[in-house]
Structures are given as structure tokens and as C-alpha cells.
1. Among L174, A156, L128, which residue has its Cα positioned farthest towards the positive end of the charge dipole of segment 119-189, with +1 placed on the Cβ of Lys and Arg, -1 on the Cβ of Asp and Glu, and the dipole taken about the Cα centre?
2. Can you compute 3J(HN,Hα) from phi for each residue in segment 151-166, using the Karplus curve 6.51 cos²θ - 1.76 cosθ + 1.60 with θ = phi - 60°, rounded to whole Hz and x for Gly and Pro?
3. For the chain, restrict the atom set to alpha-carbon positions and state the Rg and Dmax in Å.
4. Which of the lysines could be linked to K33 by a straight reach, that is with a Cα gap under 22 Å, when you skip same-chain ones fewer than 8 residues away?
5. Quickly estimate the mean residue ellipticity at 222 nm for the chain, helices only: each DSSP H run with n ≥ 4 gives -39500 (n - 2.57), and the total goes over all residues, rounded to 500.
6. Enumerate the aspartates and glutamates that K121 could reach by cross-link, defined here as Cα to Cα under 20 Å, with residues fewer than 8 away along the same chain left out.
7. Search the structure for amide H atoms under 5 Å from the amide H of L101, placed 1.01 Å from N in the peptide plane, and list their residues when 5 or more places away or on another chain.
8. Report the local net charge at N15: Lys and Arg +1, Asp and Glu -1, summed over other residues whose C-beta lies under 14 Å from its C-beta.
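Bear in mind these aren't lab numbers, they're just calculated from the coordinates by the rules spelled out. Because the structure is a prediction, the values reported are computed rather than measured. Every residue, glycine as well, gets a Cβ built from its backbone with ideal geometry; the counts of neighbours run over all protein chains shown.
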Amino acid sequence: MIYLQEYLTKSIGYNEYQTAIQAIVDANDPETKYLDYIRLNVQRMIRLNKTIHVLPELEAAVKAINTPQYWFVLSEGWCGDAAQTTPLMAKLAELNPQISLQFLWRDQNTELMDQFLTDGKSRSIPKLIATDSEGKVLFDWGPRPEELQIIYKDHAAKGTPFTEVAEILQKWYLQDKTVSTQKEILERL
């Protein structure tokens with residue numbers, strides 16, 4: 001159970017999320033941590049907003065939701081995985097007015113993030129947390145598709161430099177076209 005009203009008050013919609021990230025890019029503050037990644041992620045989200053095709057079976061499952069759900073996404077603008085998956089979450093929420101998609105900044109909501117750690121230890125994002133109207137958790141997903149998580153862990157264990165790992169992950173996302181993420185969300189629905 002999560003404190004629904006507290007997080008609804010703190011959260012923003014997808015358009016506000018994108019606008020906030022774009023504002024960071026527009027400010028072009030050289031002191032901004034990961035500014036180059038944020039710039040790339042804005043472009044990725046713009047592209048994906050236009051190109052995502054929802055699998056018919058997932059579309060049907062999302063449209064079949066007949067009670068209110070709140071989909072909270074913990075994220076940050078610098079996160080490459082978020083740039084590749086949050087546009088899909090937005091596209092799914094658009095399919096059904098019963099779904100309210102809300103974004104929360106991970107670093108400002110660590111108490112919630114710490115309830116959904118990856119492998120019980122990592123504040124990896126994005127993290128999608130779906131609740132009913134009472135705040136009961138229905139499912140969660142993230143930070144990336146399971147197949148890609150295995151690839152990530154393998155490279156991390158080998159000590160592959162972060163820049164190389166980021167490139168490997170982004171190439172995988174380009175080839176996958178959100179299909180793996182869609183299938184995993186469908187399983188959870």
C-alpha cells in the first residue's frame with residue numbers, strides 16, 4: 001500500500017515531465033550533471049512519442065481495465081532506460097481514461113523508491129508502480145526489460161565502462177522497439 005494522495009500531490013503528468021526535462025536542456029547550465037545524456041534523452045522521447053506501435057494484445061488488455069488505476073513512474077531526465085520506456089507508458093495510459101499516469105522524481109521520493117529497489121538494493125529507474133484507487137499496489141515494472149537487465153548485469157560484472165554499457169543498452173532498445181517492455185507489462189496486467 002502506498003500513500004496515494006501524498007504521491008498524487010507530488011506527481012506530474014507526462015507532458016509536464018517532458019517539459020521539465022526540456023527546461024533543463026534549454027537552461028544549458030554547464031554545472032548540470034549528465035546534461036549530455038539529458039539532451040540525448042529528450043530526442044529519444046520525441047522520436048518514440050511518434051513511432052511506438054502498441055501490440056494489439058497489450059492494447060486490448062489496457063482497454064479492458066475497468067476500474068481506476070494510478071501508474072506512478074519514478075524517473076529522472078538523465079536516465080536512458082526511462083527515455084526508452086516512458087513514452088510507451090504514456091501511450092498506454094492514453095488508451096484508457098481509467099489509467100492516470102503520474103511521474104515522480106526519484107531523487108525527491110526516495111521513501112517510495114526504497115520500497116521498490118531492484119534486486120533489493122538498487123534505486124534503478126524507471127520504476128512503474130500501478131495502484132488501485134486505494135493505493136494497493138497491483139504490479140510494478142522496471143527498470144528495464146528482463147533480457148536487457150541480464151545483459152546489463154553481465155557487463156557490470158565484467159567491469160565494462162559505463163559509456164560502453166550505455167551504448168550497448170541503447171542499441172538493444174533500438175532493435176527491440178519496445179516489444180519486450182510491452183510483453184512484460186502485458187504479463188503484469
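1. Checking the options against the dipole of segment 119-189, the answer is A156.
2. Using θ = phi - 60°, the values come out as 4, 4, 4, 4, 5, 5, 5, 7, x, 4, x, 4, 4, 5, 4, 4 Hz.
3. 16.0, 47
4. By straight Cα distance, K33 reaches K127.
5. Numbers: 9 runs with 103 residues, N = 189.
Mean residue ellipticity at 222 nm (helix-derived): -16500 deg cm²/dmol.
6. E76, D81, D107, E111, D140, E146, E147, D154
7. When sequence neighbours closer than 5 places are left aside, the close amide H contacts are W71.
8. Working: positive: K91; negative: E16, E94.
So the environment of N15 carries a net charge of -1.
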